[in-house]
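Single-structure report; data block below.
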Amino acid sequence: STLVELGAGYGSVILALAKRHPFCQMNIIAAEYTGSGVELIQRLARSQDLKIQTGHCDFGSPGVTDLAIPDDAIIFTSFATPCVPKLPVSFVDSLAGFHPRVVAHFEPCYEHSESSTLLGLMRRRYIEVNDYNTNLVTLLHERQAQGSITIVEERPAVLGPNPLLPASILNWRPC
């Protein structure tokens, strides 16, 4: 029914998906932290004749966004969480509160960088030096242990152009 990207940047991912089947038949929502990002998504969508609802989001604040996200939406993030070094517990709880069908994160994950290998140690150090997020996986595992979410899929370090910052795929849904 609805596809939602949180932390959409200038909209490259959500705009590309909005043109593809089956997404072109869905309601599309894009939320971004920066005002300039929201404005750019709007301009690019208009220039491509795409109907996309836009708004503001902040991963560090309770509620994450004031946009009305309908129940059963597919919510995703893509290379957006590194901007928040330590995500609050409210991040997962707020997303679960939208009652999504699934939440998919395509994100670099500190916890997926093995401390037993040189490459893993280099990845961890790269994340630390750049002050990127270090707790997304931990939050999700804690919320699953408490019974509030179910992690459907967890694939560590599977994609991305930077070998020191590969994205993991984490799919979960509220219980």
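The values are calculated or read from the model by the stated rules, or taken from the named source; none is laboratory data. Here the structure is a predicted model, which means the values were calculated and not measured. Every residue, glycine as well, gets a Cβ built from its backbone with ideal geometry; the counts of neighbours run over all protein chains shown. What goes into the accessible areas is simple: the full protein's heavy atoms, side chains included, and nothing from ligands, DNA or RNA. Shrake-Rupley method; radii C 1.70, N 1.55, O 1.52, S 1.80 Å.
Scanning the range 149-170 for residues that are open to solvent by less than 40 Å² (accessible area, probe 1.4 Å) and not β-branched (Val, Ile, Thr) gives Ala157, Leu165, Pro166, Ala167, Ser168, Leu170.
Taken over the range 41-65, the criterion of being touching a Ser or Thr at 6+ places or on another chain (Cβ under 9 Å) and part of a helix (DSSP H, G or I) is satisfied by Ile41, Gln42, Leu44, Ala45. When you scan the range 101-111, do you find a residue that is free of Cβ contacts under 8 Å to residues at least 24 places away in the same chain and either open to solvent by 70 Å² or more (accessible area, probe 1.4 Å) or closer than 24 Å to Arg143 by Cα (or both), even just one? No; the residues of the range 101-111 include none that is free of Cβ contacts under 8 Å to residues at least 24 places away in the same chain and either open to solvent by 70 Å² or more (accessible area, probe 1.4 Å) or closer than 24 Å to Arg143 by Cα (or both). In the condition set (1) without any contact (Cβ under 8 Å) to a residue 12 or more places away in the chain; (2) in a helix (DSSP H, G or I), Ala68 is compliant with all but (2). In the range 130-137 there is at least one residue matching the filter, namely being in contact with a Ser or Thr (Cβ under 7 Å, 6 or more places away or on another chain), closer than 21 Å to Gly7 by Cβ and not hydroxyl-bearing (Ser, Thr, Tyr). Across the range 29-54, the qualifying residues are those that are touching a strand residue (DSSP E or B) at 6+ places or on another chain (Cβ under 6 Å) and farther than 10 Å from Ala8 by Cβ, and the one among them that is least open to solvent (accessible area, probe 1.4 Å) is Gln42.
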